[in-house]
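Presented below is the structure to which this report refers.
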Amino acid sequence: VKAGRTVGAFKYVGKSMPISDGEAKATGRIKYTGDMALEGLLYGKLVFSDRPHARIKSIDVNEAKAVPGVIQVYTCHNTPKVTFNSQMWFMGQRGFEDQKLFPDVVRYVGDTVAAVVAEDKESADKAAELLRIEYEPLPYVIDPEEAMQGKVIIHQSGNPFYTTEIKCGDVELAFTGKSGVEIVEDRVETPKIHHAAMENHVCIAVPDHNGRITVYSPCQIIYSVRMIIAKILGLPFNKVRVIKPPVGGSFGGKQEVTLEPYCALFALETGRPVKIAFDRQASIVSTRTRTKTIGYVKTAVDQDGRILARNMDMVVDTGAYTTNGSVICHAMGKKLFRLYRIENQRFCAVAVHTNTPIAGAARGYGSPQVQAAAEINLDHAAKKIGIDPVEFRLKNLVHPFDPDSTGGPSLGNARIIDCVLKGAKEFSWHERWSRPRDTGRWRRGVGVACATHVNGYYQAYQDFGTMTLRMLEDGSLMLNAGLHDLGNGTVTAMKQIVAEVMDISPDRIEAPEGDTDISPYDIGCQASRVIYVCGANAMKAAENLRQLLIAQAAKIFNCCPDDICVEDGMIWSRKNLDNKMEYGRLAGLIQQKHQIELTVTLTYQAQANPGSYGVNFVEVEVDTLTGFVKVLDVVAVHDIGQAINTGFVEGQIHGGIQMGLGLALTEDLAVHPRTGVTGGNRLSKYHLINAPDMPPVRIFLIEKGEDFGPFGAKSIGEIATIPSAPATVNAINHALNTHLTVLPLTPARIVDGIRKGQRGL
Amino acid sequence: VSRRTFRITGFNHLSDVITELRQNPGTITFINGGTDFIIQIAKQRDNCVIDLSQVKDLKYIKKEDGLLKIGAGTTFAEIAVSQVVRETAEALAQAAGQVGSMQIRNRATIGGNVASASPAGDSLPVLAAFDARIVVRGPAETRTIPIMEAIAGIGKSSLKEKELITEILLPLTSNRQSGFKKIGSRSAVTIAWISMAMVVDWDVHTNTILTGKIALGALGAGPVCPAKARDFMVGRKIDQEMAAGLANILSETVNEAIPNRESRPYKAEAVKGLAFDMVNRLFGTCFE
């Protein structure tokens, strides 16, 4: 699939058709995992540690077990001691395996101490309160920079447990004091954040008479869930079936394996189906969070506004267990080398454990954090050399088909400059930027930030999947694939791609979601790969099916394949126009006459990993007395190659901006520095940006195609959330003439910053 | 199977509720909109829950005997749009319109807000600034207490066993202006970090405050009504200096009310913003 060749007018691609299960969701007919009622369903309740770090001396379960309705109580004394890493998704992956279902040392407030399985929720709740747990307190550390000193031992891997470096050119040389070179340094802190999917974490496991177990998990990677469950329970993979039901949002929060092994263990042990349904507090504290980071950025720029060198030292706080703590260091670092032409650059990440909630995948996978640090620092640099931040960026941004300066995959058709030019014009950047500074109580400011993100794992990990596409005897199509629609319209988008190739209405296509018994292997919904890789897989499968259909039709019609015409679900030979028939009739004839099923199974390997690009322009108004920030206007421009479903792309961008504004302004788990208790542990204390506070968002798409993407498409889901946080922070600093770099910029931090600014601190 | 069980019952008339109180030997929780009760349901310990939401004689808003009388079962949605409330006690309409979300306001009642005694309860500073009185009915007697006496602590009212709030009384005068403002994490659907209600009687011709009262919410168990602000406002001309003076007094009030709270420096600054906003809203000025 070559860019340019296929980009253009389409019948189904690039259209805003409704999401396939949207009506069922809106009317409440859809069944989420939490809605599933099964005969004899037991209720599992996990019991969490109220200590930040302690050895469990004893757990007295007698009283709890005596509660009527309680089936069993599980602790570290009667459960598998297998260690695992919940972010692993393929066999042979290396990583620190430092988790256990029930550790004998709890490592954060919210760690799993025990579980009660009972006939109903009330009995489980009551029993949980009756557990008598004796702890031996251990020293603990909450602050990641304090953790770096290694005084508190959380795991055998030590603290920091991982360090990595990525570099190009000669950074040290570039920083040695040359005249006319400005060195700009910043410390940028980003918080632990909750994904805040509407659906809390939930799972059901059902055992059967053959020793098999079926797990319903609204997850992102069914094959990861299967692998981790099989490992912990010592089961062959074919004894574990994982089904992905409809999900009420994930944003990375359901990418790692969390509840599933507990549920599977309890179901196997009790011989009955078991449900675990987290409440909001447990979802916030005891699943995964966005990784907290502290970035030390240092950039050398010349007076012409050229970036000569950049160094970033990142402290990565992965919380109480490693999970993706080392993987994310690489993911962060690589982005820095794919947005600006910086000849001399070094990124170093130091990952630590702290006695805080566990970090994991979160929309952007480190990108929002690392690019917030970089983009805030760039505005600082622009200010130092007295250049317009947009001009400054334009001088340094990458160009289409630039190489990756560290030898990674080509940036592809990287259209960030187009994005910035378009956005600056639509936003009237120049006029707004050069407006005289406000001096009263309310101050307006504007900010800009750019971003890049990936399209899969090509050259980092194996990135492939298999799809089976069949034409049934009535001409309808069935796409079997390991799809995980996270509410973003993956299924509908796949239908649009197949529909475009097969020239058939998307209504005639079914594309059920992942089920390890039925779906061929796929590495799952991660790394912004689904449209670019799975979409290409679907497109290739459809092309092959189309060829097969045409070849078979030629035999039926007794003509050359070149004479076969296919349009709008009809097929005929141009030699005999009377023979025009629907796909279904032909499929039937092919079965009768040739005894052939119209089926294609295709394994597709990713061919490239271009960058997706985007920019946000933001205007804010800050109340200098209350510290409140009103976001007045956002312009978002994204280089997405080609939208498969324009409405979905716009939806992703609106939602991404909502999350980005939360990172910039309000969202923070706020783990207490002394107690380790998560302050923002419920939605009354964890502040999401809601509809009344959402600014108007104007979206522009740059659709210039991308090689290997289906119809030229590339990713949007993760990059959508990256630029809005730094653009907002930059706008606030522009409004206030401050230099605030600890996110989120809450009213309290803004008021404090203004006061310090007035005192000249 | 162990379930915490309780009986739930409801009535159409207040007299039937009172009869039930006299006859029921057990402990009783009253609910109206149930917006606090439902989230706290796990903590429910009483034998009986009486649902007041259908008691018609607890739902009214009327002007009578120089008082604004509001039935305790009146919802915030009703109060927010009531013409009578908007004309006589604008602050209460404003506060009612900012309680929780629309869904909450459709259920939650003013009586419930007082009984729940949340430090962030939006109606409480308004009632305090108006010197409102609360009518309380029990199985035997009816008593009327000042709002400040109705709140006993964080989340605790001073109601005795089997007592319920039936009515809220706000004294009215002419030339009265009032307003309510709050700051929370968001501009809507937000729990107050700090809130402010102000009631003033003023002379339009001389542009002078005759008397006024301010109550700050979310600083402790109950509203804080600084005497300093009251004294400061008497006979004060409405100008920039007055607005700034008031802002400073309220800032001091915050510093004194929560000397050891981590949020003190922020709230002491932010309250100045509330003070300016309030003066501007009440008198149509643009001081800052």
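Computed values, structure above
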item	result
Cut-off under 5 Å, modelled amide H: who pairs with residue B:32 long-range	B:52
Gain on full stretching of the segment that runs from residue B:29 to residue B:120 - 0.36 nm per residue minus C-alpha separation	30.6 nm
Normalised alpha carbon radius of gyration of the stretch A:422-492 [divisor 2.2 N^0.38 Å]	2.17
Cα pair distances exceeding 16 angstrom across the stretch A:261-334, given as percent	69 percent
Pairs of Cα atoms farther than 13 Å apart, the stretch A:384-438, %	68 percent
Debye intensity ratio in log₁₀ form over the Cα atoms of the stretch A:566-691, taken at each q of 0.10, 0.11 Å⁻¹	-0.67, -0.73
Largest-first principal axis extents of the Cα set of the stretch A:113-260 (Å)	77, 38, 32
For the stretch A:664-673, 3J(HN,Hα) per residue [Karplus equation, 6.51 cos²θ - 1.76 cosθ + 1.60, θ = phi - 60°, Hz, x = Gly/Pro]	6, 10, 9, 8, 6, 5, 6, 5, 5, x
Cα gyration tensor of chain B - equivalent ellipsoid semi-axes, whole Å, descending	35, 21, 16
Share of alpha-carbon pairs per 10 Å distance bin for the stretch A:32-146, given as whole %	13, 35, 33, 17, 3, 0
Modelled FRET efficiency - R0 25 Å, residue A:507 with residue A:551, Cβ distances, 0.05 increments	0.45
Principal axis box of the stretch A:346-467, alpha-carbon based, largest edge first, Å	57, 43, 32
Whole-number accessible area per residue in Å² for chain A, which is evaluated in the context of all protein chains at 1.4 Å	36 Å²
Phi to ³J(HN,Hα) by Karplus 6.51 cos²θ - 1.76 cosθ + 1.60 over the stretch A:578-590, Hz, x for Gly, Pro	5, 8, 4, 9, 6, 3, x, 5, 5, 4, x, 4, 5
Pairwise centroid distance, computed over Cα atoms, of the stretch B:63-100 with the stretch A:194-269, Å	51 Å
Projected area, mean over directions - the stretch B:117-230, Cα convex hull, nm²	8.3 nm²
Sequence ranges A:294-306, A:165-177, A:670-682, ranked by mean other-Cβ count within 10 angstrom, highest first	A:294-306, A:670-682, A:165-177
Surface/4 estimate of mean projected area, convex hull on alpha-carbon atoms of the stretch B:75-121, nm²	2.9 nm²
Simple spin-label estimate for residue A:29 and residue B:205 in nanometres, 7 Å along Cα-Cβ	7.1 nm
For residue A:20, distant residues with modelled amide H under 5 Å away	A:492
From the C-alpha gyration tensor of the stretch A:46-94, square roots of 5λ in Å	29, 16, 10
Accessible area that becomes buried as A packs against B, both chains, 1.4 Å probe, Å², nearest 100	2000 Å²
Semi-axis lengths, Å, chain A, gyration tensor of Cα atoms, sqrt of 5 times eigenvalues	42, 38, 22
With every protein chain in place, the stretch A:633-709: carbon and sulfur % of accessible area (1.4 Å)	59 percent
Nearest-0.05 FRET efficiency for residue A:94 and residue A:599, computed from C-beta distance (R0 45 Å)	0.75
Exposure of residue A:570 as accessible area (Å², to 10), given a probe of 1.4 Å and all protein chains	60 Å²
Heavy-atom accessible surface of the stretch B:101-180: percent carbon and sulfur, 1.4 Å	49 percent
Förster radius 30 Å - calculated FRET efficiency between residue A:677 and residue A:459 (Cβ-Cβ, nearest 0.05)	0.10
Beta bridge orientation in chain A: antiparallel %, DSSP, nearest 5	80 percent
Karplus-derived HN-Hα couplings along the stretch A:359-371 (A = 6.51, B = -1.76, C = 1.60, θ = phi - 60°), whole Hz, x at Gly and Pro	7, x, 4, 7, 2, x, 6, x, 4, x, 5, 5, 7
Three principal axis lengths of the stretch A:491-648 [C-alpha, angstrom, descending]	81, 37, 27
The stretch A:369-437: trypsin sites (Lys or Arg not before Pro) in DSSP coil with no more than 13 other Cβ atoms inside 10 Å	A:437
Accessible area in the full protein assembly, largest first, 1.4 Å probe, for A:163, B:166	A:163, B:166
Per-bin percent of Cα-Cα distances, the stretch B:175-215 [10 Å]	28, 36, 24, 12
Cα centroid separation - the stretch A:617-683 against the stretch A:326-346, whole Å	23 Å
Cα convex hull of the stretch B:187-257 - mean projected area over all directions, nm²	5.5 nm²
Volume per residue of the C-alpha convex hull in the stretch A:179-279, rounded to whole Å³	150 Å³
Calculated over the stretch B:152-288: convex hull of Cα atoms, volume per residue (Å³)	134 Å³
Fluctuation leader among B:176, B:133, B:45 - chain B, Gaussian network, Cα springs under 10 angstrom	B:45
Rough spin-label spacing in nm, given labels placed 7 Å along Cα→Cβ, for residue B:6 and residue A:737	5.9 nm
Residue-level accessible surface for residue A:157, protein heavy atoms, 1.4 Å, Å²	40 Å²
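The values are calculated or read from the model by the stated rules, or taken from the named source; none is laboratory data. Just so it is clear, the structure is predicted and the values come from calculations on it, not from any experiment. A quick note on method: Cβ atoms are made from the backbone with ideal geometry, for glycine too, and the neighbour counts reach across all protein chains shown. Areas reflect the complete protein model, heavy atoms only, side chains present, ligands, DNA and RNA absent. Shrake-Rupley method; radii C 1.70, N 1.55, O 1.52, S 1.80 Å.
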